[in-house]
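As structure tokens, the structure follows; a few thoughts come after it.
Nothing in this text is a laboratory measurement; each read-out follows from the coordinates by a stated rule. All values reported here derive from a predicted model rather than from experimental measurement. Note: ideal-geometry Cβ built from the backbone for every residue, glycine included; neighbour counts use all protein chains shown.
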């Protein structure tokens, strides 16, 4: 790709085809087989080469190009999509006896007593979809809908990396494949954790989040969600059909579609089905995704065709449902948990109840918006569900059981741990404790305070902080500066030299620059950059502590949210006491003398995203700050430029949605040359 000779279109087309084939292959290895053959950086390099060709020759861009994964123009609504063959429901079995009766019905219908070979598949708890391929190219993705007509969600389906845009190998000319779109539990928990940190409402379970993601009219929002898909059958297939359902699944995998072959089992008779049902039920909680049962199918395609269908269900398949994860119980009280960022989460103490083999005595209420949505009160009879998250959720209140003695769940004004002021900022769903020394937050506060970007206490890492807390040597940030040699010798593997170095690092931190100290305090919304902004305006901490909201809001780059957070921090009595203690112990942050080298980017905010190749993200941020600009980690309406490298994802999509200028690395460097 590095040739100086201009490419003609035919050469570009051949190179594009080679790159697309390679990217499709590596995408299949990574997302369908979980066996990557190259590094992420190498994949990004190949993608960048393809994008450069498409930029030079726009006619190379097709719907099947690996570049077409980020979504496109938002739709006004989803058009209807009629299925070539109905997407039928399955009858349910709730125990091994029901499965044995299913086998008996089949034998009666076939007038046979011979053992029947079955295939057992996990019943994924996601959203059923149908994908249509013509000549190996994905031409449509549709929801199940009413079984006959669904919704055309092709734009959204294209954003899912596990869905091949182009099939591989000996694929049929036309194929309609059925499968389940879902989200793995680790990805689901990560989405919820991020939303909690951002003060947004969390999702009850992976299926709800998956369903909502698939029905986004703006496919770029779907692209930002970590969805995947697993295929389990066909609605239509041209050419010769496989002889068994297992052969069909193996063919789908060979054609590039993701199939759960590692957990699918073929058994020779119904006794094996019953045994596998009980085995899979035991494995349920160890799987990386939610399943709510096991689907049992007659393996031989010829027998499936002979058995046929009833009005709404096939005779040759049944869903062996697992015991419900929902049960009924009573909210006896509510306790408040304080997280590492001060977020206060209400947790319901429940009358203990057995939910699918596990005794449940508590359930997350998430936040007070969720409490209001549910209408839940202390004393209510509720339905509790084990699904997807760390602890169960309350999904429904049974108001018909109310006696009039129920009590509302009141949002606290004071922290239940340290009694500091609790504040719920406008636009957020989570109230937060304002005490930086709150014991519930102390471990994370210490780690942040000691970090390189803050007080830079070298050697005082996670292990020593854990030991300090376990030995009860510190109960506040100030106690760091009260540590003595004898205290340190209580640590495991602590020698004379290490103790001396640690005490020296603690003493040296007393003279850290003011911007590092401000950052180390962990004031909400105040990162490295805004700490610099504040330190340049205020010569010492006392001056900053006395600044009011109106004064702060006048500062460039300080918005209402930050101004409110800063004033609230210094208004909180426990924080003022901490700062007074630190001052008595000799902690005297030095006024910042650093000033930007230029003003080229004054008043401008940049966001860097993707796998940058000309410079690192940190180097780019330093270049922006050196010219008086601000580098941010998230895209908002206040962002002026997004600098995007290969593999840029949700940040790039959001920038395009908001109409924010997007620069390549080269264009960013050209801006700097204007200095």
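Based on C-alpha pairs under 8 angstrom that are at least 6 apart in sequence, the chain has a relative contact order of 10 percent. Per the Cα gyration tensor, the range 634-675 maps to an equivalent ellipsoid with semi-axes of 19, 12, 7 Å, ordered largest to smallest. Using R0 = 56 Å, the C-beta based FRET efficiency linking residue 528 and residue 114 works out to 0.15.
Between residue 285 and residue 59, take the C-beta separation as r, use R0 = 51 Å, and let me know the FRET efficiency to the nearest 0.05.
0.50
How do 237-244, 163-170, 219-226 rank on mean C-beta neighbours within 10 Å, highest first?
Per-residue Cβ counts within 10 Å, averaged per peptide and sorted highest first, yield 219-226, 163-170, 237-244.
Of the beta bridges DSSP finds with both residues in the chain, what % are antiparallel, to the nearest 5? The antiparallel fraction comes to roughly 80 percent. Would the range 326-401 count as rounded, prolate or oblate if I go by the C-alpha gyration tensor, calling it rounded below 1.5 in a/c and otherwise prolate when a/b exceeds b/c, oblate otherwise? In terms of gyration-tensor shape, oblate. Rounded to the nearest 10 degrees, the inclination of helix 496-508 to the longest alpha-carbon principal axis of the chain is 70 degrees. Shape of the range 400-503 from the C-alpha gyration tensor: prolate (a/c of 1.5 or more and a/b above b/c, with a ≥ b ≥ c the square roots of its eigenvalues).
I'd like the orientation of helix 185-197 relative to the chain: the angle between its Cα long axis and the longest Cα principal axis, in ° from 0 to 90, rounded to 10. Roughly 30 degrees between the two axes.
Judged by the mean number of other Cβ atoms found within 10 Å, the most tightly packed of the peptides 640-653, 474-487 leads the ranking 640-653, 474-487.
Here the label points at residue 383 and residue 656, each 7 Å from Cα along the C-beta direction, are separated by 4.0 nm in the simple model.
Which length gain, in nm to one decimal place, applies between residue 104 and residue 492 when the Cα-Cα distance is subtracted from 0.36 nm times their residue separation?
Fully extending the segment from residue 104 to residue 492 adds 133.1 nm.
On C-alpha positions alone, give me the angle between the axis of helix 617-626 and the longest principal axis of the chain, in degrees, nearest 10. Roughly 40 degrees, rounded to the nearest 10. Pairs of Cα atoms nearer than 8 Å and 6+ residues apart set the relative contact order; for the range 326-401 it is 31 percent. Report summary: the helix-based calculation at 222 nm, which adds -39500 (n - 2.57) for every DSSP H run with n ≥ 4 and divides by the residues of the chain, gives -10000 deg cm²/dmol. Which shape class, rounded, prolate or oblate, goes with the chain when its Cα gyration tensor gives a ≥ b ≥ c as root eigenvalues, a/c under 1.5 marks rounded, and past that a/b bigger than b/c marks prolate? In terms of gyration-tensor shape, oblate.
Identify the residues of the range 126-157 with backbone N under 13 Å of a label point that sits 7 angstrom from the Cα of residue 263 along the Cα-to-Cβ direction, or state none. The answer is 126, whose backbone nitrogens lie closer than 13 Å to the label point. Of the residues 437, 286, the one with the fewest other Cβ atoms within 10 Å heads the list, and the complete ranking is 286, 437. For the range 605-672, relative contact order (Cα pairs under 8 Å, six or more residues apart, normalised by length) works out to 37 percent.
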